[in-house]
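What follows is a set of notes on a single structure, which appears directly below.
The values are calculated or read from the model by the stated rules, or taken from the named source; none is laboratory data. The structure presented is a predicted model; accordingly, all values stated were derived computationally and were not measured. In this analysis, Cβ positions are derived from the backbone assuming ideal geometry, glycine residues included, and neighbour counts consider all displayed protein chains.
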Amino acid sequence: MSDTDDYGPMEGFGFRSNVGVAFQQTQTGRDRSRDGTTRYQSVTYQPGIRFDIEPFYNVTDWFSVGVESAFIYNQIHSIQSGNDTEYSRSPDIGSGALYQVPILANVRFQFPSDGPFRGFCGDYSTVSAGGRNFTNYQWNYAFQLVAGFSYNVAPGLDLETSFKTLCTPNPVGQANTDGSLSGDGQVNAAYSYAAEVGLVWRF
């Protein structure tokens with residue numbers, strides 16, 4: 001395609017679906033034990049998977065708003081607490097994992113082009129539910145930045161690739177190696193990175 005004559009609707013409703021690999025940055029923090037001493041902890045994760053769906057509305061050909069929901073899953077590789085390290089499938093943590101379910105209100109800016117390629121960037125802010133599968137879940141504030149490219153393959157249909165950074169600035173709750181949560185724990189900001197591909201339908 002050499003121009004936008006067959007690009008399809010430039011304004012109106014649409015639907016986006018993406019899937020890709022997710023990388024959870026090592027989470028670090030500290031926890032006060034029962035005897036009053038402070039232990040420093042870190043949790044390392046294996047690469048995981050992320051699914052996204054997003055209904056959106058193109059206000060113009062360069063600006064859209066939408067609501068995105070995602071599921072992010074990363075299995076725990078190891079938990080270090082003080083001088084002790086426990087690995088996945090050990091008696092203490094078993095096959096523990098971190099899951100996140102962000103619900104994101106987003107604003108996206110797309111760069112108009114006369115060709116099939118279009119770049120975009122966006123800013124998302126929301127609350128998200130997350131937790132390890134040996135603890136209860138917690139609600140957290142989070143925000144996300146996204147950038148990528150789309151390619152128009154048919155009128156009203158785009159192939160898309162994107163890179164996303166999800167940040168939880170102040171995660172709620174800390175998991176101890178025995179699976180309990182400490183109210184005295186403090187966890188540093190958590191970051192999840194994802195590289196995704198997907199399809200976009202414009203109606």
Which residue out of 134, 163 is modelled with pLDDT of 90 or more and surrounded by fewer than 19 Cβ atoms within 10 Å (Cβ to Cβ)? 163
How many residues does segment 84-120 hold that are crowded, with 17+ Cβ neighbours inside 10 Å and either among the basic types (Lys, Arg) or assigned to a strand (DSSP E or B) (or both)? 11
Could you figure out which of (1) surrounded by 14 or more Cβ atoms within 10 Å (Cβ to Cβ); (2) modelled with pLDDT under 65 isn't true of residue 184? (1)
Name the single residue that is farthest from the chain's Cα centre (by Cα) among those in segment 74-91 being of a type in the set (D, E, K, R) and closer than 15 Å to residue 31 by Cβ. 84
Taking segment 54-109 on its own, how many of its residues are among the hydroxyl-bearing types (Ser, Thr, Tyr), under 30 Å from residue 15 (Cα atoms) and in contact with a Ser or Thr (Cβ under 9 Å, 6 or more places away or on another chain)? 1
Would you mind stating whether residue 128 is surrounded by 14 or more Cβ atoms within 10 Å (Cβ to Cβ), modelled with pLDDT of 90 or more and under 21 Å from residue 20 (Cα atoms)? no
